[in-house]
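Encoded as structure tokens, the structure appears first; notes follow it.
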Amino acid sequence: MRRTESTTGTNKRRSGKLTLIDAGCLQSWTAVCDFLENFPGCQKEAAGGREVVRVAGKVLAYLACNERSRPGGVPDNEEFVIVRIDFGRREHLLELSPESFFVTPHYKSYPGVIVRLSTVDQKQLRDLLVDAWRLVAPKRLVRDWDAKTR
């Protein structure tokens with residue numbers, strides 16, 4: 001997918017015109033959901049006592065809402081999001097920015113990473129969310145998206 005030089009959004013084509021998806025500040029679960037819902041197939045829903053964004057029925061991201069997905073000693077109002085990612089990329093992020101990306105023992109074998117929204121670099125988060133969508137979305141949706149945004 002093509003991106004603009006700006007770090008505030010991602011390109012999207014509507015009615016034959018290429019427009020900018022305004023990512024704004026992704027420091028809340030609501031903002032993350034709003035950003036993801038711009039991508040084809042993404043829907044927010046409540047499942048198992050937590051909010052989840054899915055694409056074509058597959059989990060893309062969800063709000064960390066229990067002790068298995070939050071580090072100890074953080075304020076209750078601080079938000080964390082679990083985002084699907086491949087294991088290789090996860091290891092890179094864990095090394096690059098351990099204050100923003102981590103896994104708890106519960107998530108060691110899950111292909112995802114826990115993101116601390118209060119400290120994560122906004123461009124890194126946008127790129128991670130786009131890559132997660134590309135990983136989880138059906139290949140047809142990704143091909144159609146790529147064709148429309150070129």
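Structure notes:
- Phi to ³J(HN,Hα) by Karplus 6.51 cos²θ - 1.76 cosθ + 1.60 over the range 37-45, Hz, x for Gly, Pro: 5, 6, 8, x, x, 7, 9, 8, 8
- Karplus-derived 3J(HN,Hα), 6.51/-1.76/1.60, for each residue of the range 137-150, Hz, glycine and proline x: 5, x, 4, 4, 4, 5, 4, 4, 4, 4, 5, 6, 9, 8
- For Val59, distant residues with modelled amide H under 5 Å away: none
- Rough spin-label spacing in nm, given labels placed 7 Å along Cα→Cβ, for Lys58 and Arg134: 1.4
- From the largest down, the range 26-143 spans 42, 30, 26 angstrom on the principal axes of its Cα atoms.
- Full-extension gain in nm, Ser109 to Arg143, via 0.36 nm per residue minus C-alpha separation: 9.3 nm
- Residue separation of Val74 and Leu94 scaled by 0.36 nm, minus their Cα-Cα distance, works out to 5.3 nm of gained length.
- Summing charges over all other residues whose Cβ lies under 14 Å from the Cβ of Pro98, with Lys and Arg as +1 and Asp and Glu as -1, gives -2.
The numbers here are math on the coordinates, done by the rules we state, and not lab data. All of these numbers come straight from a predicted model, not from anything done at the bench. Note that each Cβ is placed from the backbone with ideal geometry, even for glycine, and that neighbours are counted across all protein chains shown.
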